[in-house]
Amino acid sequence: MSANQWNVAEAIDHVSMSDPIMASVIQAVGPYGLKTDSSPFRMLVRSITGQQLSVKAATTIWGRLVNLNGSSRISPASLNRLSDFDLRAAGVSHAKIRSIRDITDAFGSRRITASHLKTLNDDSVKSELIKLQGVGPWTADMFLMFALGRPDVFPIGDLGIVQALQAIYPTKNTADAQYFQRLAERWRPYRTLASWYCWQGLNLVRTTDWEPAKA
């Protein structure tokens, strides 16, 4: 199922009916708001720069990189005009610079293309991306969600998702990844939508007195 083949209203109905707790999150948060990046390459580079950083730090470094680039139109050609020193000055680590260079080479040489990735199923996209230096399961999941708009991605490796599940579904199993995987099965085939609502629900828990429904 591609991004253009799923209906958000249908997805919300499915997730809400299958999970009363998530239904309460959806009602509290409001309209679904995940936005995909029109440039898969740019999104992949942004994911790399934000690995293992807080949202604030990742946003700051990305802003510096965009400023160095001269515009938000990040491309292999524009990044090749920046030196490693430039990237380091923006706050990008040496390991991430090596990863960005490998990604830039792959897309610049058309060894990997966005158009080809769009034709692949989720597992095949992951297999292609993980061949690139510095790209692991988390980055691949972010790419599927925010670059390709795939509807059924559950990024269990994301700290925010884990924290959200611990806050929204407080049980004795809050440290059990297998429990979270089983929990997410009820959201299929719209785990991307439910994951986005998890992130928003965590923000509500942290910033307001709202509490999710009880099981």
Within segment 68-164, list the trypsin sites (Lys or Arg not before Pro) lying in a DSSP loop whose Cβ has at most 10 other Cβ atoms in a 10 Å radius. Arg110
Please check: in the Gaussian network model of the chain (C-alpha springs, under 10 Å), which one of Thr104, Thr119, Thr49 has the largest mean-square fluctuation. Thr119
Regarding segment 110-215, what is the average projected area of its C-alpha convex hull, in nm²? 7.6
Rounded to whole Å, √(5λ) for the Cα gyration tensor eigenvalues of segment 40-146, largest first, gives 22, 15, 12
Report Rg/Rh for segment 141-188, rounded to two decimals, where Rg is the Cα radius of gyration and Rh the Kirkwood radius. 0.99
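Taking the convex hull of the alpha carbon atoms in segment 1-77, what volume per residue do you get, in Å³?
So the per-residue Cα hull volume is 147 Å³.
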Run down the lysines and flag those whose C-alpha is under 17 Å from the C-alpha of Lys214, throwing out any fewer than 8 positions away in its chain. Lys172
Most fluctuating residue given options Leu129, Leu82, Leu65, as computed from a GNM of the chain linking Cα atoms under 10 Å: Leu82
Positive end of the charge dipole of the chain (Lys, Arg +1 and Asp, Glu -1 on Cβ, about the Cα centre): tell me which of Val135, Pro31, Ala90 has its Cα farthest that way. Ala90
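Give, in nm to one decimal, the length gained when the segment between Arg186 and Asp123 is fully stretched (0.36 nm per residue of separation minus the Cα-Cα distance).
My answer for the length gained is 20.7 nm.
Every number in this text was worked out from the coordinates using simple rules, so none of it is lab data. Quick caveat: nothing in here was measured; it's all calculated off a predicted structure. Cβ: placed from backbone, ideal geometry, glycine included. Neighbour counts: every protein chain shown.
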